[in-house]
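The values are calculated or read from the model by the stated rules, or taken from the named source; none is laboratory data. The structure presented is a predicted model; accordingly, all values stated were derived computationally and were not measured. Quick reminder, even Gly has a Cβ in these numbers, built from the backbone with ideal geometry, and neighbours come from all protein chains shown. Protein only, heavy atoms only, side chains kept; ligands, DNA and RNA dropped before computing areas. Shrake-Rupley method; radii C 1.70, N 1.55, O 1.52, S 1.80 Å.
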Amino acid sequence: WGAFLFFCWLMSMGLSLIVIPQWRRNERLAFPLLEVQRALTETPAPGRLFAPIFRATSFWIAAGSVFLLYLAMGGNMYFPELVPAIPLEWNLQRCFTQEPLNYLPGWIYRGRIYFLFLAIAYFMPARIGFSICFFAVAYSLYIMVGRAFMPPFHSRTIGDHRHGGMLILTVIILWTGRAHWARVARSMVSRGGNGEDLRDRLAGWMFVVGMAGMFVWYLWAGAQAGWAVLFVAIGFMVCLLVTRIVCETGMPFFRIYDALPSVFMSFVPAALIGRAHV
């Protein structure tokens with residue numbers, strides 16, 4: 001498994017080096033995390049030691065408020081009689097006990113405040129933030145209607161929608177950046193060039209060696225060539241989409257848990273699936 005993880009890391013690093021210049025320069029994505037980093041590492045004014053943001057009163061008010069809030073939460077754990085509890089979580093399930101509202105998923109009536117996500121939302125494009133909120137509410141209503149009025153219904157049906165969305169989004173991302181991918185491919189078989197050509201050459205070979213290494217590892221583990229290609233393609237798709245979402249939203253934590261090979265395995269006869277594939 002260590003060899004497989006090494007090749008996966010190599011593919012991921014090469015992929016990032018390939019797509020980030022395309023998304024930053026040509027597609028002009030937001031890159032919220034880079035904006036945060038830029039504000040914190042901005043060149044200080046003459047005679048100053050720190051970036052201008054550290055001299056802003058609003059910055060210290062916000063940072064100090066969050067620090068004091070968490071300090072109070074920690075103090076309440078050790079001294080509950082002296083330090084009041086300041087809850088950041090809520091659960092409104094008792095307000096949704098009647099049909100069909102009782103079929104709403106938990107993310108509607110239960111949640112927690114994460115100041116990190118609130119801060120990132122300020123740097124996120126408005127259309128991206130609206131899209132996240134809209135589909136969270138839209139799919140909660142979809143689940144509610146399905147459970148209440150269209151039994152039998154399972155909320156994992158959304159996974160089918162996600163699989164389709166991931167496949168289409170992957171195709172769109174690759175098609176939009178096809179010229180840049182072609183340039184990277186040309187730089188891999190050429191010599192010399194400027195700094196960008198050297199970067200593209202290194203990134204391209206890291207990506208190719210990583211993909212090839214994962215494919216060979218699957219063959220060594222007993223998978224057939226077709227299944228090995230599928231597994232590597234799914235890994236590439238997930239890494240591509242994770243990188244894209246980070247670049248567009250700046251979310252420091254999320255996961256894609258529906259891109260499972262077992263979903264695609266369900267479309268073929270069981271006789272074609274061996275123990276190694278499982």
Those residues of segment 133-158 which are exposed (fewer than 15 other Cβ atoms within 10 Å of the Cβ) and among the β-branched types (Val, Ile, Thr) amount to Val137, Val145, Thr157
Within segment 159-171, the residues that are of a type in the set (A, V, I, L, M) and either closer than 14 Å to Leu260 by Cα or open to solvent by 90 Å² or more (accessible area, probe 1.4 Å) (or both) are Met166, Leu167, Ile168, Val171
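Looking at segment 227-278, which of its residues are open to solvent by 60 Å² or more (accessible area, probe 1.4 Å) and either touching a Gly at 6+ places or on another chain (Cβ under 7 Å) or of a type in the set (Ser, Thr, Tyr) (or both)?
The answer is Tyr257, Ser262, Ser266.
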Would you list the helices (runs of 4 or more DSSP H) that sit entirely within segment 177-278 and hold 2 or more residues that are in contact with a helix residue (DSSP H, G or I) (Cβ under 6 Å, 6 or more places away or on another chain), at pLDDT 90 or above and on the phi < 0 side of the Ramachandran plot?
178-188, 195-220, 225-249
Collect the residues in segment 96-114 that are part of a helix (DSSP H, G or I) and within 17 Å of Ala148 (Cα to Cα), keeping them in residue-number order.
Leu101, Asn102, Tyr103, Gly106, Ile108
Residue among Arg25, Arg48 that alone is surrounded by fewer than 17 Cβ atoms within 10 Å (Cβ to Cβ) and closer than 21 Å to Asp197 by Cβ:
Arg25
Any idea which residue in segment 32-49 is nearest to Ile128 (Cα to Cα), counting only those that are free of Cβ contacts under 8 Å to residues at least 40 places away in the same chain and of a type in the set (A, V, I, L, M, F, W, C)?
Leu34
Considering residues of segment 137-184 that are touching a Pro at 6+ places or on another chain (Cβ under 9 Å) and among the hydrophobic types (A, V, I, L, M, F, W, C) only, the residue farthest from Ile108 (Cα to Cα):
Phe149
Identity of the residue in segment 142-156, modelled with pLDDT under 85 and touching a helix residue (DSSP H, G or I) at 6+ places or on another chain (Cβ under 7 Å), that ends up farthest from Gly235 (Cα to Cα):
Phe153
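Here's the yes/no breakdown for (1) within 22 Å of Phe254 (Cα to Cα); (2) under 18 Å from the mean Cα position of the chain (by Cα):
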position: Ala136; (1), (2): yes, yes
position: Thr157; (1), (2): yes, no
position: His163; (1), (2): yes, yes
position: Ala179; (1), (2): no, no
position: Gly222; (1), (2): no, no
